[in-house]
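A short write-up of the structure that comes next.
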Amino acid sequence: MQPLTPAEIQALVKAAAEEGTKQALTQMGMNMDEPIEAQKDMAFLRAQRKASEQVGTVIRRTVLVALISGALTVGWLGFQAAIHNPVK
């Protein structure tokens, strides 16, 4: 058996890497026979993640605004009560 040339080694490694990658992605549920569809699936998942993050941000801001508004309202009502009904 003769030693492999560098070109043969590179071709062998490339083929093994492609096969291993395809096998790993197939085991994770991705159909590598249709790579465009897999890309669309990933784009959809990213859009869903971004939307979910945005919903969380909006909810946190809404709660913060409600808390600040409530605190300001309590302060204002206390101020008005102190002015109209001074302590004797």
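Readers should treat all values here as calculations from the given coordinates under stated rules, not as data from a laboratory. All values reported here derive from a predicted model rather than from experimental measurement. Cβ: placed from backbone, ideal geometry, glycine included. Neighbour counts: every protein chain shown.
Before moving on, here are some points about what is shown:
- Out of Gly29, Gly70, one residue alone is exposed (fewer than 10 other Cβ atoms within 10 Å of the Cβ) and either within 21 Å of the chain's Cα centre (by Cα) or part of a helix (DSSP H, G or I) (or both). It is Gly29.
- Breaking point among (1) assigned to a helix (DSSP H, G or I); (2) over 19 Å from the mean Cα position of the chain (by Cα); (3) not aromatic (Phe, Trp, Tyr), for Thr57: (2)
- Answer from Leu12, Leu45 - the residue that is more than 25 Å from the chain's Cα centre (by Cα), surrounded by 10 or more Cβ atoms within 10 Å (Cβ to Cβ) and assigned to a helix (DSSP H, G or I): Leu12
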